[in-house]
1. Pick from C:100, C:121: which is crowded, with 17+ Cβ neighbours inside 10 Å and either modelled with pLDDT of 85 or more or within 14 Å of chain A (Cβ to nearest Cβ) (or both)?
2. Might you check whether a residue that is within 9 Å of chain C (Cβ to nearest Cβ), closer than 30 Å to residue B:251 by Cα and assigned to a helix (DSSP H, G or I) occurs anywhere in region A:280-297?
3. Can you name the residue in region B:372-398 that is touching a residue at least 60 places away in the same chain (Cβ under 8 Å) and in a loop (DSSP other than H, G, I, E, B) and is also nearest to residue B:433 (Cα to Cα) among such residues?
4. Kindly provide the set of residues from region A:5-52 that are within 22 Å of the chain's Cα centre (by Cα), facing another protein chain (nearest Cβ under 7 Å) and surrounded by fewer than 17 Cβ atoms within 10 Å (Cβ to Cβ), ordered by number.
5. Among the residues in region C:269-281, are any at pLDDT below 80 and either buried (at least 22 other Cβ atoms within 10 Å of the Cβ) or within 8 Å of another protein chain (Cβ to nearest Cβ) (or both)?
6. Mind telling me which of the residues B:245, B:220 ends up being assigned to a loop (DSSP other than H, G, I, E, B) and in contact (Cβ under 8 Å) with a residue 60 or more places away in the chain?
7. Taking the condition of being over 25 Å from the mean Cα position of the chain (by Cα), within 13 Å of another protein chain (Cβ to nearest Cβ) and over 30 Å from residue C:267 (Cα atoms), how many residues in region A:83-123 meet it?
8. Does residue B:214 fit the bill of being buried (at least 21 other Cβ atoms within 10 Å of the Cβ), in contact (Cβ under 8 Å) with a residue 60 or more places away in the chain and part of a strand (DSSP E or B)?
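The values are calculated or read from the model by the stated rules, or taken from the named source; none is laboratory data. This is a predicted model, so every value here is computed, not measured. Quick reminder, even Gly has a Cβ in these numbers, built from the backbone with ideal geometry, and neighbours come from all protein chains shown.
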């Protein structure tokens, strides 16, 4: 298994390289440049600006320079956030996004899996229907509606929790975490219910039951492990997406995470920041996928680490 | 790795900061003001930062030769007095006695010269150079900025002695005093810049000369300033600490205001103005800004090269309905290009005051004359930014054109940079356009539309140029305004643009704050305010 | 689990009730699910209303009647928006765009993802490795950048909107489908099919993909919703539906910005969207129960 991890990690380097190349050239084909936001720049000044950020060099040379920098852990300056380098921006914002995202996924996984199991075991009963309804409500109401409503009610009306911001107190965490968890609860409970029903029908679970194992033991020892597989497959990428920040939640609750940069960087054509967040995001996704595969291997002995 | 390294540095600088804060805090209850900020801070570098909201913070931590008073009018800042030569080309400023930087260094005239030189230096790659090369044309600025001259002495800003700054202009700019404030003309503390390079504006390194000093700048979260004891006017500065909270969501800001957690908001959502006015009365501030909105036609592309088409489209719009029934939110109907300015005899586009039926009939007639009708439908695309009010303006125009003329109009609402890139590409038909003036006067708007300024409209007008040139060499304001109005008239008559409105500047200001005065330039220095 | 006696697979998995073809038996089972049948009716009514309603009613803007409130006995029962357009008709028109895009997009995404995931998972080895690496790369490109590229490549149109939606949404189900295929690969009925001389491609299309659909179909009803919401985000960025046209996504998005002043703008398109979602959910459940080969 150690070998497997090492092999996968080494294997991710070319992936990241391809990712860097695709993103780099993609962004340059897109119209607009970092300086189109100011309409009064003379051609000379524009040329100065381009030179200052090496944008006047041939594209290939810019690319190699960038890769060279990355190999030395230098991700360059941000063009639009000139007070900070790309590494600094990610270094300051990521811990916050990670905190919100991890809690949200944890809450979502626990509640979602529990609801999914309840729905599957009490299939087509009122329990099942209410679980389905809860899930649907979580999905049907977008977070840009839930967030502001929660703010108004718990923050402004009841005054139980802070409206927005990111203070030291844990009270600042509750609303954003729950808001972010809600749609994930819905997804996870739906997936869990589906795969649990599926697994309860498989021969080995039937056999286990037929052999007289208790309902509880059957579920815990045999069914749960198998049923978690699709959920784990979902959790991997979903966690990667969630811990790198949600622009909507961060904007509504004024949370200084990195979610904002994914949209702003592209919109502002802040090339170094685009590259930085892409490579960062890519590494996290690759890491999450590796983790997913390892966990899947633990859950399902039929999956081998080739 | 870099990240780990960085966090260690952060902790140490955090401790130093904590110590500074502890020292800076007076024993008595300190008065704290919280102000909203609509976007995260791009840069606080005084010679680079270009966005108006960043200018609010700059205005607190730096001081230019002049400084905007509570109503935005220029009053003495670092300079106590000044003389202007009779030809309007030479400005001589005399600095106050005993001016100091926040670290105790004396502030001298050369620091202001260094500021301008750094703004213009091609290596700085500043967005603001145009201020000195075009808004006011400082001698030698364009050549230095463009790299043709590398000698700083060739720029017409000099310091004959420690207390005198002399600025020489190529042509008169009677509004120059509006430009020489901290946003465009901040001094540079060269020793710290030389020591830290671009990092000289980091809280642990920064040296300032304004009423406040920067102690904290957390991206996307907040910026904290404390009162600077070295400021010459420190005795009259009442607020000890200002926290600029970054609240990108306007609705969140309103909630913070209601909860008393934000004293001054950055904006007010259009749809809530009525309800908030009912609830908070005069704490709701809506006033005009220096932003003008208009639709532009690409006259280099058929059929918009035909004035009848442009005129028909202009006349088909019920501008009153667009602004007063649909957009609302404090936007003010404006049928001229320049924003409403006191004493400026603003020309209006002719059809704006026509009765509705007559206007529509004329529009249909011109549309038919230009060869369009049910058999030959005009299809066009309006390029717009995705700002709410703008999207609404574009959508309403599209619907009205469809209703009155049968034009098939689509709105292409994009992010700001793509929208402006579309303009620069020249591949647009109708542009949902805007311009934010550098100050509240007609000069800044008409300088931009000058055909020779090549803003990208590709239009020609000798009348405009003649009237504009004459105005620029006229010292007397009334006479100058009359000439500028002539230039604007030439612009409006070509129907290159359909002026629609001027944008509001909006804020909720808690009643515990005094010293807030509404003004179109949008200057609200914290040093003039106090809290109960 | 090795202790379990496992019975041979395929032959047993497709049991047939005497007297009815499998399809009709399934249909019969589906009809007995009252919730699912009711959902079908509601969905049908909404779809019909969206596609026919705007044709029958006037769509002209009424400038003298902007932002009219709800008045069930007036010409505009649900009021008008700020351009004076009837709110009900706007919502129905928006539904037309959203439903079309949602269903078509979900079907295409699911087809692509199931076939792709099943192929990768079944073949395994270096094919799996490369195919999933391609997915990894695409998944690692933040959403926004993909969208901007498509925008540039195809120009602005409903096609590029559709492509953007499908390209971003087939990836996650593909990962799930592949996971399913990996665990199916070593099942007995696949071994049996292999022994019976089926080519890998036949096995993928006839055994792996259909068996992965069970898991994906749960996900796909959510995909419709996700597409509708993604579209609203894309509209915000300027690649979505272009005004004056509307979609539920744009209407909900606009309405959400005005929660404080005019809840009506959010509620009507929002509840139509929610109703469609609920219906889809129950229909999906019903279909799975009825058509699942394991269900007996």
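1. When all the criteria are applied, what remains is C:121.
2. Looking for residues that are within 9 Å of chain C (Cβ to nearest Cβ), closer than 30 Å to residue B:251 by Cα and assigned to a helix (DSSP H, G or I), one finds at least one in region A:280-297, hence yes.
3. B:378
4. A:18
5. Within region C:269-281, one or more residues are at pLDDT below 80 and either buried (at least 22 other Cβ atoms within 10 Å of the Cβ) or within 8 Å of another protein chain (Cβ to nearest Cβ) (or both).
6. Checking each option against the conditions leaves just B:220.
7. Of the residues in that region, 3 qualify.
8. yes
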